[in-house]
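Asker: Quick one: this structure, given as structure tokens, is what I'll be asking you about.
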Amino acid sequence: MRVALELGFEPDPDADDLTYVPLDDLAAGQPDQPTGRDLGFEAGAVVIDPGTGQQARIQDALRYAVSGLCLRSVPILVAGGSHTYRCFDSLAEVRLVVDGDTVLVSGQGVHPVVCPRAGLLDGFVAAGTRFLELMPRIMPGYEPYLDTVQRELDEARDALARR
């Protein structure tokens, strides 16, 4: 079970589509660092891979997806509830529905996947941690946009500790 974060950027101003690159690759300096971003509203993707050969890919403003999809869902999913994330950049919704020890991830434009609940929760918290660690290195000046994410990460960690 893996949850990965990707940052989208235009490698060429004439390109119609964004190129999405894993945060870890960008933090390692490969490929070239994205430039010309509106800090705090960067395009990105959360990729949920339960290891079954299928992946759910949620594209949205990365900071909002990490906070609203990954971290805010943890206390709700720990308690056995369902969580709906409404994407910032579109009208799409992503649903996380608990069924015992699994979570169904589905929504508009999202390939549905079933994930082990514990693995998904741990993956969401790990993704939030990596986001806080890497974004200031990838995009200097990003720190002011991390306060809400840090608060959500603390709440998610607390919920995991109580499970």
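The values are calculated or read from the model by the stated rules, or taken from the named source; none is laboratory data. Values in this document were obtained by computation on a predicted structure and should not be read as measured data. Please note: Cβ atoms are built from the backbone with ideal geometry, for glycine as well, and neighbour counts cover all protein chains shown. Protein only, heavy atoms only, side chains kept; ligands, DNA and RNA dropped before computing areas. Shrake-Rupley method; radii C 1.70, N 1.55, O 1.52, S 1.80 Å.
Asker: Looking at Asp158, is it among the charged types (D, E, K, R), part of a helix (DSSP H, G or I), open to solvent by less than 80 Å² (accessible area, probe 1.4 Å) and at pLDDT 95 or above?
Answerer: Working: among the charged types (D, E, K, R): yes; part of a helix (DSSP H, G or I): yes; open to solvent by less than 80 Å² (accessible area, probe 1.4 Å): no; at pLDDT 95 or above: yes.
Answer is no for this residue.
Asker: While we're on this one: Looking at this structure, is Ala43 out of contact with any Gly (no Cβ under 8 Å at 6 or more places or on another chain), buried (at least 16 other Cβ atoms within 10 Å of the Cβ) and modelled with pLDDT of 85 or more? Even if it seems obvious, please write down each step before you answer.
Answerer: On the way: out of contact with any Gly (no Cβ under 8 Å at 6 or more places or on another chain): no; buried (at least 16 other Cβ atoms within 10 Å of the Cβ): yes; modelled with pLDDT of 85 or more: yes.
In short, no.
Asker: Is there any pair with a first residue in the range 118-141 that is assigned to a loop (DSSP other than H, G, I, E, B) and a second that is of a type in the set (A, V, I, L, M, F, W, C) whose Cβ atoms are under 8 Å apart and which are 6 or more apart or on different chains, and what are they?
Answerer: Between residues of the range 118-141 that are assigned to a loop (DSSP other than H, G, I, E, B) and residues that are of a type in the set (A, V, I, L, M, F, W, C), the close pairs are Met139/Leu39; Gly141/Leu39.
Residues are listed down the side, and each one gets a yes or a no for (1) in contact with a helix residue (DSSP H, G or I) (Cβ under 9 Å, 6 or more places away or on another chain); (2) open to solvent by 50 Å² or more (accessible area, probe 1.4 Å); (3) not hydroxyl-bearing (Ser, Thr, Tyr):
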{"position": "Ser90", "(1), (2), (3)": "no, yes, no"}
{"position": "Gly100", "(1), (2), (3)": "yes, no, yes"}
{"position": "Val110", "(1), (2), (3)": "no, no, yes"}
{"position": "Arg130", "(1), (2), (3)": "yes, yes, yes"}
{"position": "Tyr142", "(1), (2), (3)": "yes, no, no"}
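Asker: Right, next: State all residues of the range 46-66 that are assigned to a helix (DSSP H, G or I) and open to solvent by less than 10 Å² (accessible area, probe 1.4 Å); if no residue qualifies, say none. Lay out the reasoning, then the answer.
Answerer: Initial filter on the range 46-66 (assigned to a helix (DSSP H, G or I)): 62-66.
Result: Leu62, Ala65, Val66.
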